[in-house]
Each structure stands twice: as structure tokens, then as C-alpha cells.
Amino acid sequence: MNTRKILATGILAAASLVTTASAVTTVYISGSTAFRTAASNAITAVVGSTPVAVDSSVTLAAYQGANAQTWSNASYFVQTSWSGSAQGVQGVSNRVTARFLPAAATSNTAADPRNTSNPADTHIPDICFADCQQSSTNFTANSLATNSKVGVVTFIFAASNGFPTGQSMTKQAFEYTFTGLGYVPLSTYNGNATQADAAHSIVYATGRDPDSGTRITTLAEIGHGVANAVTQWHPVINGSHQVTSLATYPGTATINGYTYTSGTGESSGSTLRAFLTSTLTAASTGGLPNGEAGPSYFVTSLGMSDYPKVVTGAVFDTGLTGSDATGLPAVPLNFNGVPFSIANIENGSYTFWGYEYAGISTQSAASTYQSGAVNTFYTSLVSNIQGTATSSLSGNVKESDMQVTRGSDGGPITSKNL
């Protein structure tokens, strides 16, 4: 080979190396809202910088609570859309598009892209996070290529401001509240039928839609059945954090092309936060269903990434905006008489938890997912979360810290030590 040809070959090789080195890894992620804080922190660690855009529900400083996020630098373009575990599994396994922030979005000026009336870029997600096993969803026809257990995701029942403290959620209380009319007397929880307000205060069920891993885990853990119907209520809330009207969610809804008939609800725990920090009286709503005088309350389940934002005081999170930024603290419920704590999760006495999974696709263009930059990103992301200490998982738990284990969503708990 002559010198000129050798030189030309060397130039082409160098150009190829430059192109490869400067290639941007593009990754789309969807799924669990309950685990988004831990997932978002891990994405930041892998990317090496914080997001450049979030939806307008939060500030950039509070990016972990956003419903949609964008990281962008010379090496990565990563977008998230957190709409629920089942929707994440559906998107990755069945290659169904999700709605992400417009690619040009910066700061927190863009409206929530998950709302079909707002601008969005649509993409098939590469990676999903789920609070439940794929078998607990309606999307099992196509298995995920890799479904890594990344940790333990934890939940709590909470009631709106003013609810009596020290109460407990049980299977019987849940079934009474979340079926039929979707509301019960306060005496269901405090057991005081002679108390002056017991005959006049109502507890309303509210919660997530069927795409939610929080809902799936709740229904599995309580023994209701993940596919069985519930009745939940939706409020309209004014600027003074007062509920001005109430209506039940539709019994049937089509979400991401799949029709559910088990009663719907909210697509994110971030919306439920505003419900719990508002007041509900007969005066503000123009009358409660049976003429009750109130005050009345909402009860729901939340992931521990959302729950701290509604209990820490008059200002729950300085990074939040709108109705989440101020309000009245919510009230935690015990679960079957046991209070939430990390220690009680780890020792198995508090059982309202499940495993968190990260999944990647087996479908067409599989090489994009199972080799190359996207798979490398996935592997780094999983490794980062698995290596994160419980104290940094926002109320969730590192799997190796658990003293107990379980084989299915809501299944029996057994000791690791026997």
C-alpha cells in the first residue's frame, strides 16, 4: 500500500473514531411513579448531570418529583415519562409509544406531556420501571428480555388533613371503603359510632388508575385482586385548597389503547398529593351525598416517593409549584396495626411493599436494546440503583437489607434466615 493510501486510510479511521466518540446515546424510559425519585437520581448519576427540563409541576431543583424529565449533554439524551408500572411494561414489551417532553423543552415551562391536550414527542420506551411483576399486568404476551430486580418499593395509606391519628387500614376497611359507593362513615376507622362527628363525616376512596403499580401492589397486598373493580372519587379543588365538588371516576376507561372496566383513577401519585392536602366540607362542596355536615376526608395509597411531600409541614417541598407547594399536612395510617418504618419493612412486620423491576425489550430492533449503548446504559442504571444505600432511596429499601422475601406481588412473606 502506498504512503498516500495509508494516510487516507488513517484519516478515515480517525474520522470514524471521532464520530463514534461523539455519538449521543438516546434512551426513553417510562413506568413507575412510585419509584421515580430513586430512578431519577440513578439516571443523574449515570448521565453525570441533572435534567435540563421537567414538566411544569415542579422546578428543576425538584426534578425527582416530575412526571416527565429530560437529560441532555454531549453524551446522552435521556427522556422519562412516568405514568405507571403497567403502562411502562406495555410500552416496552408491546412497543407502544409514550408521550415525552418536546425535545426542545428547557427549564420547567412545558405542560405535562402525558396529557394528550399538551405538546409532546412520542416514542417507544426502551426501558421501564415497574412496582410489580409483569405477570400482574395485562401485558404478558411478550416477555421482557431482561427484568432486573433493583430494590424494594414501599407504600403507605394516608388520609387527608384532619383525619384522626393512629388509625389503621385493614382488608375489611379497604373493602368497605373502596367498593360499592366508594365512601364510608368515619366510624369505620375510629370505631366511635357515638362520637358527634361519626355520623356526619365521610371517608372517600381515591387513588390511581389500572396502569399504576401502586394500585396493583395495593390490590394484591390487601387481597382484593389486581383486576377487580374499585370505586374512587375525584375532587375539584380551588386555590384555597378546598374541595368544591366531587364525582366518581368512570368505571371504564381506555388508557394507551387498552380498555379497562375495573374503575379508573389518577395517572400519577403527584395529583393525589393535592387531594390529601385539601379540606372537604359540606359548605365547600355544596352538600355531601347524604346530607352529612362534615368535615370529611379522602383516603388513598401512595408510594414513599410521594408521601413525604404531604406530611412535612405547611410547605411540603420548596421545589414544587401550584397546589402541591402549600396546604395542610396529610395523616398516615398504620397497615394492619403496624406503623410504617424502614425497620418494620426490613423485618417483615409491615407488609405493604413489593419488588421494583427494571425491564428492557425483546421486540423488533432487538439489537438496539440488547447490545450497544442503550444496553450499556441500562446495565449501569440497574447497577447504580442496586448499589444505592437504603438511606438514599427515598423511603424505599435496598434488597440486600431485607430480612424477608416473597415470591409474588402480595404473596406470603418468609424469612431469609430460616
**Q.** Selection status of Thr206, farther than 24 Å from Pro339 by Cα, modelled with pLDDT of 95 or more and touching a Ser or Thr at 6+ places or on another chain (Cβ under 8 Å)
**A.** no
Q: Give me a count of the residues in segment 261-276 that are buried (at least 16 other Cβ atoms within 10 Å of the Cβ) and either in the same structural domain as Arg95 (by TED's automatic domain parsing) or free of Cβ contacts under 8 Å to residues at least 60 places away in the same chain (or both).
A: 7
Q: Could you tell me which numbered condition Thr252 fails, if it satisfies all but one of (1) surrounded by 15 or more Cβ atoms within 10 Å (Cβ to Cβ); (2) modelled with pLDDT of 90 or more?
A: (1)
**Q.** Looking only at segment 160-177, and only at residues there that are buried (at least 23 other Cβ atoms within 10 Å of the Cβ) and at pLDDT below 95, the one that is farthest from the chain's Cα centre (by Cα)
**A.** Phe163
Q | Single condition Thr140 does not satisfy, out of (1) surrounded by fewer than 18 Cβ atoms within 10 Å (Cβ to Cβ); (2) touching a Leu at 6+ places or on another chain (Cβ under 9 Å); (3) not aliphatic (A, V, I, L, M) | A | (2)
(Q) Please count how many residues of segment 59-99 are out of contact with any Asp or Glu (no Cβ under 8 Å at 6 or more places or on another chain) and either of a type in the set (Val, Ile, Thr) or in the same structural domain as Tyr260 (by TED's automatic domain parsing) (or both). (A) 7
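I need a count of the residues in segment 391-407 that are hydroxyl-bearing (Ser, Thr, Tyr) and modelled with pLDDT under 95.
Here is the first cut: in segment 391-407, the ones hydroxyl-bearing (Ser, Thr, Tyr) are 391-392, 394, 400, 405.
From what's left, modelled with pLDDT under 95: 391-392, 394.
So the count comes out to 3.
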Q.
Given (1) modelled with pLDDT under 85; (2) under 21 Å from Gly207 (Cα atoms); (3) in contact with a helix residue (DSSP H, G or I) (Cβ under 7 Å, 6 or more places away or on another chain); (4) surrounded by 20 or more Cβ atoms within 10 Å (Cβ to Cβ), identify the lone condition not met by Pro295.
A. (3)
Q: From Pro125, Pro102, Pro119, grab the single residue that is outside any strand (DSSP E or B) and within 28 Å of Gly354 (Cα to Cα).
A: Pro125
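Kindly indicate the residue of segment 140-152 that is hydrophobic (A, V, I, L, M, F, W, C) and touching a strand residue (DSSP E or B) at 6+ places or on another chain (Cβ under 8 Å) and also nearest to Thr351 (Cα to Cα) among those meeting that condition. Before the answer, list the steps.
Taking segment 140-152 and keeping what is hydrophobic (A, V, I, L, M, F, W, C), we get 141, 144-145, 150, 152.
Applying the additional criterion that residues be touching a strand residue (DSSP E or B) at 6+ places or on another chain (Cβ under 8 Å) yields 144-145, 150, 152.
Numbers: Leu144: 27, Ala145: 29, Val150: 18, Val152: 11 Å.
Residue satisfying both the conditions and the ranking: Val152.
Go through the residues of segment 161-174 one by one and say whether even a single one is assigned to a helix (DSSP H, G or I) and closer than 19 Å to Leu280 by Cβ. Working first, answer last.
Residues of segment 161-174 that are assigned to a helix (DSSP H, G or I), as a first pass: 171-174.
Still in the running and closer than 19 Å to Leu280 by Cβ: 173.
Looking through segment 161-174, at least one residue is assigned to a helix (DSSP H, G or I) and closer than 19 Å to Leu280 by Cβ.
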Q: Could you list, in sequence order, all residues of segment 79-99 that are more than 20 Å from Tyr355 (Cβ to Cβ) and of a type in the set (Val, Ile, Thr)?
A: Thr80, Val96, Thr97
Q: Note down all Cβ pairs under 7 Å where the first residue falls in segment 168-190 and is in contact (Cβ under 8 Å) with a residue 60 or more places away in the chain, the second is part of a helix (DSSP H, G or I) and basic (Lys, Arg), and they're at least six residues apart or on different chains.
A: none
**Q.** Answer from Thr188, Thr214, Thr177 - the residue that is in a helix (DSSP H, G or I), within 28 Å of Met402 (Cα to Cα) and touching a strand residue (DSSP E or B) at 6+ places or on another chain (Cβ under 9 Å)
**A.** Thr214
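For every residue, the table says whether it meets (1) over 12 Å from the mean Cα position of the chain (by Cα); (2) surrounded by 24 or more Cβ atoms within 10 Å (Cβ to Cβ).
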residue: Ile29; (1), (2): yes, yes
residue: Arg36; (1), (2): no, yes
residue: Val47; (1), (2): yes, no
residue: Pro51; (1), (2): yes, yes
residue: Tyr63; (1), (2): yes, yes
residue: Ala68; (1), (2): no, yes
residue: Asn73; (1), (2): yes, no
residue: Gln79; (1), (2): yes, yes
(Q) Between a residue in segment 139-159 that is within 12 Å of Ser361 (Cβ to Cβ) and any residue that is basic (Lys, Arg), which pairs come within a Cβ distance under 9 Å, given they are 6 or more apart or on different chains? (A) Asn142/Arg95
Q. Is it true that Ala358 is surrounded by 23 or more Cβ atoms within 10 Å (Cβ to Cβ), assigned by TED's automatic domain parsing to the domain that holds Phe35 and at pLDDT 95 or above?
A. yes
Q. Residues in segment 308-320: is at least one at pLDDT 85 or above, over 15 Å from Pro235 (Cβ atoms) and either in contact with an Asp or Glu (Cβ under 6 Å, 6 or more places away or on another chain) or not in a loop (DSSP other than H, G, I, E, B) (or both)?
A. no
Q.
Which residue is surrounded by the fewest Cβ atoms within 10 Å (Cβ to Cβ), if the candidates are limited to segment 373-387 and must be touching a helix residue (DSSP H, G or I) at 6+ places or on another chain (Cβ under 7 Å) and over 21 Å from Gln133 (Cβ atoms)?
A. Ser380
(Q) Among the residues in segment 120-128, are any polar (S, T, N, Q), modelled with pLDDT of 95 or more and surrounded by fewer than 17 Cβ atoms within 10 Å (Cβ to Cβ)? (A) yes
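The values are calculated or read from the model by the stated rules, or taken from the named source; none is laboratory data. Remember, predicted model here, so these are calculated numbers, not experimental data. Because the Cβ atoms are built from the backbone with ideal geometry, glycine has one as well, and the counts that use them run over all protein chains shown.
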